[in-house]
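One structure is given below, encoded as structure tokens.
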Amino acid sequence: MTIGSLLVGSQNISGLAAVSIEAVRWYVNFEPVLYPLSQVLAGKTLLVDLPAQYGLYAELIAPVFKVIGFSLFKVTFLFLYWRRSVISRLRLYS
């Protein structure tokens, strides 16, 4: 067994945390955001079929992803767009 195969195996066992220390943020924060959304798009209902750590936002934004499609890039881009639009409006009114 080589060191490379051990590293690949350890990454598969422990997930993103094995890649780097910075990846811990993604592992802890992004998975609870993405998973409920993917499950709602698969036809499940929050609080009936699965718990929701950050509220019922997945039920509210699932229709958007049913129209544009669901991918990691689209989720990240949509959240970025919403964040930038809120920041620009705060600057406008402050």
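Laid out as a table, the results:
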{"item": "Shape call, region 20-93: gyration tensor on alpha carbons, a/c limit 1.5", "result": "oblate"}
{"item": "Cα-centred dipole magnitude for region 20-93, charges only on beta-carbon of K, R (+1) and D, E (-1), debye, nearest 20", "result": "400"}
{"item": "Förster radius 25 Å - calculated FRET efficiency between Trp82 and Gln53 (Cβ-Cβ, nearest 0.05)", "result": "0.85"}
{"item": "Amide hydrogen neighbours beyond the local backbone of Phe70, cut-off 5 Å, H modeled", "result": "none"}
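Bear in mind these aren't lab numbers, they're just calculated from the coordinates by the rules spelled out. Predicted, not measured: the structure shown is a model, and the values here were computed from it. Using ideal geometry, Cβ is built from the backbone for each residue, glycine included, and neighbour counts are taken over all protein chains shown.
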